[in-house]
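First the structure, in the form of structure tokens, and then the observations on it.
The values are calculated or read from the model by the stated rules, or taken from the named source; none is laboratory data. Source: prediction; values computed, not measured. Because the Cβ atoms are built from the backbone with ideal geometry, glycine has one as well, and the counts that use them run over all protein chains shown.
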Amino acid sequence: MENQNKPVSFFRFEDLRIYHKSLDYFNWIIEQSKTINPHEQKIVIDSLTKAAMGVSVNIAEGSSRHKLQFVTFLKDAKTAVRECVVLSSMALGCGAFTIEQYEHSKEILVEMTKMLGAMIVSLQKSSPRDSSEPKIDFNSSTEIDFEY
């Protein structure tokens, strides 16, 4: 792992690779929108931007909760990813995205789905069925490793 000596952030979600991947995707969408005409921007890209924001926001919000609650927020993030898939298809269909942009979007979205799925499985395996358990301790010696 390349970031073992990196200091832990105050906001623990900032230490998660999936969070940074979701921010990168959001920024990529913003960059793509600069060349899209205003009509396509309003119809599809604005919705795609909002869905992409939902991925990051759900990860951040869920990270402050108990493990089982975090799982629920991660599932909501996966829902936002699927929304991005649909909206990317619509962007391709209306000409807002080229095939290359669509394929790039889909590639990132597949990767984020896999990362979120792995986190969900890890949290569910390490969680007792008691929803009153303490919050995730990202510094403990039994920390869950979400790196790929």
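Do the conditions hold for I45, that is, is it aliphatic (A, V, I, L, M), under 18 Å from the mean Cα position of the chain (by Cα), more than 20 Å from Q124 (Cβ to Cβ) and at pLDDT below 95? Even if it seems obvious, please write down each step before you answer.
Details: aliphatic (A, V, I, L, M): yes; under 18 Å from the mean Cα position of the chain (by Cα): yes; more than 20 Å from Q124 (Cβ to Cβ): yes; at pLDDT below 95: yes.
Considered against the rule, which asks whether it is aliphatic (A, V, I, L, M), under 18 Å from the mean Cα position of the chain (by Cα), more than 20 Å from Q124 (Cβ to Cβ) and at pLDDT below 95, I45 comes out as yes.
Is it true that some residue in the stretch 67-77 is under 18 Å from S22 (Cβ atoms), at pLDDT below 95 and either among the polar types (S, T, N, Q) or surrounded by 13 or more Cβ atoms within 10 Å (Cβ to Cβ) (or both)? Quick ask: steps written out before the conclusion?
Filtering the stretch 67-77 down to residues under 18 Å from S22 (Cβ atoms) leaves 70-77.
Restricting the remaining residues to those that are at pLDDT below 95 gives none.
No: the stretch 67-77 contains no residue that is under 18 Å from S22 (Cβ atoms), at pLDDT below 95 and either among the polar types (S, T, N, Q) or surrounded by 13 or more Cβ atoms within 10 Å (Cβ to Cβ) (or both).
Got a number for residues in the stretch 44-54 being within 14 Å of W28 (Cα to Cα) and of a type in the set (V, I, T)?
So the count comes out to 2.
Of the conditions (1) more than 28 Å from Q69 (Cα to Cα); (2) aliphatic (A, V, I, L, M); (3) modelled with pLDDT under 95, I136 clears all except one; give me its number.
(1)
Report yes if I29 is crowded, with 18+ Cβ neighbours inside 10 Å, within 11 Å of the chain's Cα centre (by Cα), modelled with pLDDT of 95 or more and not hydroxyl-bearing (S, T, Y), otherwise no. Can you show your working first?
Numbers: crowded, with 18+ Cβ neighbours inside 10 Å: yes; within 11 Å of the chain's Cα centre (by Cα): no; modelled with pLDDT of 95 or more: yes; not hydroxyl-bearing (S, T, Y): yes.
So I29 fails the test.
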